[in-house]
Every structure is written in C-alpha cells, then in structure tokens.
1. In degrees, nearest 10, range 0 to 90: what is the angle between the Cα axis of helix 49-65 and the longest Cα principal axis of the chain?
2. Semi-axes of the equivalent ellipsoid for the stretch 147-197, please: Cα gyration tensor eigenvalues, times 5, square-rooted, ordered largest first, whole Å.
3. If each residue of separation counts as 0.36 nm, what is the full-extension length gain between A332 and D123 once their alpha-carbon separation is subtracted?
4. Per residue, how much accessible surface does the stretch 287-436 expose to a 1.4 Å probe? Answer in Å², no decimals.
5. Just check the stretch 373-436 against the gyration tensor rule for me: Cα atoms, a ≥ b ≥ c as the square roots of the eigenvalues, rounded for a/c under 1.5, and otherwise prolate or oblate depending on whether a/b exceeds b/c.
6. Probe radius 1.4 Å, ligands and nucleic acids ignored: give me the carbon and sulfur share of the accessible area of the stretch 301-368 as a rounded percent.
7. Beyond 44 Å, what percent of the Cα pairs of the chain remain?
8. Using the Cα atoms of the stretch 42-196, I'd like the radius of gyration and the largest Cα-Cα distance, Dmax, both in angstrom.
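The values are calculated or read from the model by the stated rules, or taken from the named source; none is laboratory data. Quick caveat: nothing in here was measured; it's all calculated off a predicted structure. All Cβ positions, glycine included, derive from the backbone under ideal geometry; neighbour counts span all protein chains shown. Quick note on the areas: whole protein, heavy atoms, side chains included, nothing else; ligands and nucleic acids left out. Shrake-Rupley method; radii C 1.70, N 1.55, O 1.52, S 1.80 Å.
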Amino acid sequence: MSLILKRFFGVALLLAGVGTAYSQSKELSSTGVLLDRVAAIVNDGIVLRSDVESQMAVISARIQEQGQQLPPRNILRQQVLERLVLQELQMQRADRLGLQVPDETVNQALAEVAERNKIKFSDLPAALEQQGLDYREYRDDVRREMTQSMLRQRDVLARVYVSPREVDQCIAKRKASPEADREFNLSHILVAVPSSSTEQQVAERTARAQGVYERARNHEDFAQLAITYSDSGTALEGGALGWRKASQLPSFVADLVPTMQAGDVTEPIRTPSGLHIFKVLELRGAQTPALVSQVHVRHILMKPNEVEDDQTVRQKLVQIRERVLKGESFEAIASVTSEDPGSAASGGDLGWTGPGSFVPDFEKQVEALQDDQISEPFKSQYGWHIVQMLGRRTYDASEDVTRNRCVAQLREARADEETELWLRRLRDEAFVEYRM
C-alpha cells in the first residue's frame, strides 16, 4: 500500500543527556550519550544531522527505484541540507506571521489520504507503521506542508496580479491556436545567480549553466543533472515539473516550449532568479469541449432565532409554499421574506449553476426536483429553505472554462518565477551557519 501524500521533512527532538548533576561551570561528563548533532544553524533555529541523514536515505531509495544513478554523497547531502534550510526558514516566517493549521484541517487531509488508499481513518496509524512511518511524525509533516502552502499563498500567490487585458489576450491566443491545450511533460534545472553576485560570480554561474546545457543536449540523464546541479526546489525530484499546458508555462518560456519536440532542451534562459534549462519529456493533445449540466433554481431562506425555533420557521415555509401553489408569486414573496442577502433582491433567483455549487443538503433537494416543482421545507447549515426548479440545461462552458484557466494559468506561470525569487530572498536575508 502506498500512501499518496508527499512527505516533507520532520523535525526530530533535539539532544538529551544522561549523567549526574553538575554545576554550570563543570564540563559535561564523558559518560553522556550523544543523540544528535546540529547540521546547520538557521537564524534562531537549527537543522539536525538526523534529519539530513533520514531524508538522504528516503531520497536515495526513491532515486534508485526510478533506475537513476545516485549523485556523489556529498552533493546529495548539500542538496538535502539546503532544502531543509529553506523549509526551516519558511516555518520560522510562518511562525512570526502567526500562521497555523487547525487540527480539524489536518484531520481532513489525513482522512482524504486514508480514503484514497481505501482504508478507514482509524486504520491509518497502523498502515503507516507497516511502512515504517510514525503516525505522529507523519501528521507533523502534513501540518508542516500545509503551513508552507498557506505561507506561499500569502507571500507569493496573493501578490501575483493578472490584468484583465492579459486575460483577454490569453483567451484570444487560445482561440487563434487550437493547439493551445497541448500539454508538455517538463523537467527543469535552475542555476541560481544571487542579485549580490560579482561579475566574476555571474560568469562562473553562466559557465556552469552552459556546461549543464551541453551535457543535457548530448543526451546525458537530465534528472541526474538536476539532482546534481539544480538550485531549484524540484532538484531532488530530478527537476520534474509534471504536465503543463502551454498557457501554464513560466512566462519566459511560454513562446519557446510549444515549438519544441519531445527530447528537446532549451539553452540557458536568464531571469532575475538565475539561469533556467528546460527539457520536454513528452507531449499530449488538447482536451474536449467542456459540457456541463446546469440547473436554474430560486429559493427562500429563513433562519431560526431566539424568538422562532426550527418548528416555527418550518411551519412558516409550509404556509409560504401553499400560497405559491395557489398562485402567489414566489419571486415577490422571496424578495420580502427571504433572509439570503445574496438572492433576496432578485426574488430568490440563484441563476444557472453547475454541480458542486451548493452545500450537500441543498444539492440533494435540487437533484430530486422536476421542472417548476417546489420542495418541501428542508434544513441546511444556513437555515430552512424551500426551493423551486426553474429549468435544466446542458451548457457549453468552454468559454467560461477558458477564461478561468487563463486566469489560473497566468497566475501559475508568474508564480513559479516569483516563488524562486521569494525563496532566494528568504535565504539571502537569513543567517545560516553550516556545521557539516
């Protein structure tokens, strides 16, 4: 059984000592037991050697499973250590900002892991133990990953702006190019060039990137080159970026990659974060039009309060339903009685909506209705409702999907580069002292 969730790097307990009590002026007894060492000091935090060694073991096993050659041990150790330093910096920043992932959110994520692996949530600890994983550490890793995602959302994604003009240009480009939905399986190498680099350092990094490019162009294993030489966060995954549509590509290669074939490698591309090399591993075709089933409904919402309990509110809705069935206007009644601020002004009209638009209790009632039928009063998390079905249709949502995709893809393309710059800034502004 393979648990489908990327496992980040746990933080072990620090040191413990054994021995008799001594005054602070005395040296530690030679009988003390050394449990761990510090691999790096990161601002006011640390990275432990045990973390580095355990992650090296995990990554080495994965690389060997993929049939790739392991890089020299000192290079792999440096890559792992640098990644752990960056993760420690992110967690320190999240702590300063007060970002916390509630237990309920972690439980939900773990429940989804259990569901994907077709086991009960209560059986997850035992399943992890069978794979040699401690449940508490695994849970901490999940929380850490989610915290880092929240931090990236706040510091990077929330600040990525996409203008309406850019979206319109993206839509026009996709309409003019039916192949815009082609997808590319990409790998990537970044040779970072810090903003504070001297001319000599820039020249050295440029020469390094050019050497890596020449080796990649001559069909040397790209994943191995990425593990050994890349400064990107994907280095230890062999530089894998996965499948990307043309419109999801980083903006600085958006016009270049679509002209490439499987196996092609780009020359080093300079950006503020450094020199980038991309390889196209595979290609696949466009998607079919997006046809969705939609419903058009309107509703009246009433909420219990200190004066009117559930039964009183339900009875009011029973009477309103009877009035509508006798010919009164649903729209007129909704506009003066509904407590839904979003739809009351439009007579309770919720417009055309697709699957998943409503909470489960509401959606279940809607699915059971025929045209013009009005439901019996029912309760959701928002209060009591009656809902009327106005119509159903199959809608070609291709244009809506295209616009939404353009917004998301433009943001993602810009976010890749912004994330690299953000991580470099965190690293450059930090105090880091290596101890191994």
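1. The answer is roughly 80 degrees.
2. So the three semi-axes of the stretch 147-197 are 28, 19, 14 Å.
3. Numbers: separation 209, 0.36 × 209 = 75.24 nm, distance 5.32 nm.
Extra length available between A332 and D123 comes to 69.9 nm.
4. Details: 8570 Å² over 150 residues.
Heavy-atom SASA per residue in the stretch 287-436 reads 57 Å².
5. Numbers: a/c = 6.80, a/b = 2.24, b/c = 3.04.
Taking the square roots of the gyration eigenvalues as a ≥ b ≥ c, the stretch 373-436 is oblate.
6. Values: 2030 of 4150 Å².
Of the solvent-accessible surface of the stretch 301-368, carbon and sulfur hold 49 percent.
7. Details: 29947 of 94830 pairs.
Here the tail beyond 44 Å accounts for 32 percent of pairs.
8. 20.3, 55
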